[in-house]
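Asks: One structure follows; several queries about it will come next.
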Amino acid sequence: RSLIALSVLEDIQNVSVPIAMLKKPMCGYVMRFMEGMEQLSRQRTKETNYISKMGTNASLKKKYKVMRNIANTVRKLHNSGLVYCDFSANNVFLSKGESDYEAWLIDPDNLSYASKNKNCIFTMGYGAPEVYAGHKNTIYSDMFSVAVVWFEYLTGSKPFTRKEVVDTEVEEDDFVSLSA
């Protein structure tokens, strides 16, 4: 199932596809080494709060460009008829440099054609409500998971945790340069 979907990825950049399959009795595959990159979930744990990392227009600009790159990759997957099925901060790798905007999706073994998908796969905290309820993954559940990841990336915290939000002053011009 997934191997057929993986063949479509040859035309889609920024999705790390398996380089080699492990031989029995082992199960799994070998992927490209993400040199100079870091798992998004690890970047989030380094950020103590939203303002500490967002204090400059440069870091906000990087986050905007990274999110745009992720959106383009997910759009290409969906336009190819694929559902990612397990989008989470653990499955996104980002460039470490402040002026680098590269973002890669890893662990594509749950990819499936939307028309044939029967999966109910998710990472706790990222799955759409319907997937938690046992319904199959769809393009819409992927988009929900992407929105959760973006919220976490921008704020440094997970949504729906019932933690009190601290009111912090943000200057209006901090958001003006996004279009640059």
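The values are calculated or read from the model by the stated rules, or taken from the named source; none is laboratory data. Since the model is a prediction, treat every value here as computed from it, not as a measurement. Cβ placement follows ideal geometry from the backbone for every residue including glycine, while neighbour counts extend to all protein chains displayed. Note: areas computed on protein heavy atoms with side chains; ligands, DNA, RNA excluded. Shrake-Rupley method; radii C 1.70, N 1.55, O 1.52, S 1.80 Å.
Asks: Residue under question is residue 87, and the condition is that it be in contact with a strand residue (DSSP E or B) (Cβ under 9 Å, 6 or more places away or on another chain) and among the aromatic types (Phe, Trp, Tyr); does it hold?
Replies: Judged against the criteria, residue 87 is a match.
Asks: Here's a follow-up. For region 114-136, enumerate the residues that are in contact with a Ser or Thr (Cβ under 7 Å, 6 or more places away or on another chain) and assigned to a helix (DSSP H, G or I).
Replies: Matches in region 114-136: 130, 131.
Asks: Quick one: how many residues across region 137-157 are assigned to a loop (DSSP other than H, G, I, E, B) and touching a Lys or Arg at 6+ places or on another chain (Cβ under 8 Å)?
Replies: Result for region 137-157: 2.
Asks: Being modelled with pLDDT under 90, assigned to a helix (DSSP H, G or I) and more than 14 Å from the chain's Cα centre (by Cα) is the requirement here; does residue 178 meet it?
Replies: yes
Asks: Could you check region 16-66 and list, in sequence order, the residues that are modelled with pLDDT under 85 and acidic (Asp, Glu)?
Replies: The answer is 35, 47.
Asks: Outside any strand (DSSP E or B), in contact with a Gly (Cβ under 9 Å, 6 or more places away or on another chain), modelled with pLDDT under 75 and surrounded by 14 or more Cβ atoms within 10 Å (Cβ to Cβ) - does that describe any residue in region 85-94?
Replies: Taking every residue of region 85-94 in turn, none turns out to be outside any strand (DSSP E or B), in contact with a Gly (Cβ under 9 Å, 6 or more places away or on another chain), modelled with pLDDT under 75 and surrounded by 14 or more Cβ atoms within 10 Å (Cβ to Cβ).
Asks: Quick one: which residue in 144, 122 is closer than 26 Å to residue 60 by Cα, open to solvent by 60 Å² or more (accessible area, probe 1.4 Å) and in contact with an Asp or Glu (Cβ under 9 Å, 6 or more places away or on another chain)?
Replies: 144
Asks: List every residue pair whose Cβ atoms sit under 9 Å apart, with the two residues 6 or more apart in sequence or on different chains, where the first one lies in region 75-98 and is on the phi > 0 side of the Ramachandran plot and the second, anywhere, is open to solvent by less than 30 Å² (accessible area, probe 1.4 Å) and not in a helix (DSSP H, G or I).
Replies: Short answer, once both residue conditions are applied: 85/111; 85/112; 85/117; 85/119; 85/137.
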